[in-house]
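This report refers to the structure that appears directly beneath it.
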Amino acid sequence: MRFRLTLQVRQQPCVLSMNYQSALQAWIYRCISESNADFATFLHDKGYQYGKRSYKPFTFSPLQIRYYDTHQDLLKIKSETVHLNISMYVDEVAENFVKGVFLDQIFELTTDGWNVACFEVTSVQIEDRPRFQPTMRFRTKSPICLSRPEYRGDKFLPQYMHPYAEDYPAYFLANLAQTYRSTHPQLSEAEQETFLSKPVSFRVLSNPQRPHSKKPRSKLITLKPHTKNPIKVRGYFYEFELTAPTDLIQCGYYAGFGEKTASGFGYCQPIFR
């Protein structure tokens, strides 16, 4: 399910760091925690588990701001309202519960230690479900992050992958399969393998050989900025085509595609042409 939140700016100046993703993530956790502590603990500490990795089945869009200024790494919001989309791969029966979690919330985001942005959630709309098909095209609204481990010094560190990397499609599809497995613990290993053995394919539509096609665009985002241990993550904006069972596509659409979705990566919209 997906929700579109309207946020009323409650005071001016309204200034955020450009790296506001961690602050938004913390607010989402806090809203859920105040309404359902068990669900919040599950999302924060464990999520859905597959092997040694856990998957938190939600993502969110960047803030949608009509009027704003930027200065260095700061974002000054000049609009009276902004919008935020939150996407969760949870049962439909939870829709009204989650809607009530966010409605009428008044909250502050502090992203750099001194600037504070204050908002009130004045509207929460449940978005219509798209008609999922075996082959669909998507456009990233927040960058997709995928990485492979690389040994540097005395430890493994993530090497963030470019969408044109030869093994990128394999990593994309493997990550999507792992997300599906983690969110369907009720299925036996044999049932999961049977489902995931169906034909799948992924291709980037942004092609430098096509004159009117946009190339993938890189963005470096700092999570937990202005802390002792900031984390720099690189993702890419692009368009892609995915062929897979519709349940698998639906899983990626709601939970987010790629890694670090709970930090606001991998929020995508279908392209209907």
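Points worth noting:
- For the range 99-109, filtering for residues that are loosely packed, with under 15 Cβ neighbours inside 10 Å and in contact (Cβ under 8 Å) with a residue 60 or more places away in the chain leaves 2.
- Filtered by the rule that a residue be in a helix (DSSP H, G or I) and either modelled with pLDDT of 90 or more or among the acidic types (Asp, Glu) (or both), the range 65-118 gives 92, 95.
- Among the residues of the range 10-30, those that are among the aliphatic types (A, V, I, L, M) and either touching a residue at least 12 places away in the same chain (Cβ under 8 Å) or farther than 25 Å from residue 101 by Cβ (or both) comprise 15, 16, 18, 23, 24, 28.
- The single residue among 180, 164, 151 that is at negative phi, assigned by TED's automatic domain parsing to the domain that holds residue 264 and at pLDDT 90 or above turns out to be 164.
- Lone unmet requirement of (1) surrounded by fewer than 20 Cβ atoms within 10 Å (Cβ to Cβ); (2) modelled with pLDDT under 80; (3) of a type in the set (D, E, K, R) for residue 56: (1)
- Complete set of residues in the range 218-239 that are more than 30 Å from residue 197 (Cβ to Cβ) and assigned to a loop (DSSP other than H, G, I, E, B): 224, 225, 226, 227, 228, 229, 230
- Any hit, the range 123-143, residues being in a strand (DSSP E or B) and more than 22 Å from the chain's Cα centre (by Cα): no
- Verdict on residue 73 being surrounded by fewer than 18 Cβ atoms within 10 Å (Cβ to Cβ), free of Cβ contacts under 8 Å to residues at least 60 places away in the same chain, under 19 Å from residue 267 (Cβ atoms) and not basic (Lys, Arg): no
- Qualifying positions in the range 151-189 - in contact with a helix residue (DSSP H, G or I) (Cβ under 8 Å, 6 or more places away or on another chain), touching a residue at least 60 places away in the same chain (Cβ under 8 Å) and in a loop (DSSP other than H, G, I, E, B): 162
- Top-ranked residue in the range 240-261 [being surrounded by fewer than 20 Cβ atoms within 10 Å (Cβ to Cβ) and part of a strand (DSSP E or B); ranked as nearest to the chain's Cα centre (by Cα)]: 241
The values are calculated or read from the model by the stated rules, or taken from the named source; none is laboratory data. Please read these numbers as outputs of a predicted model, since none were measured by experiment. Ideal geometry is used to build each Cβ from the backbone, glycine not excepted, and the neighbour counts take in all protein chains shown.
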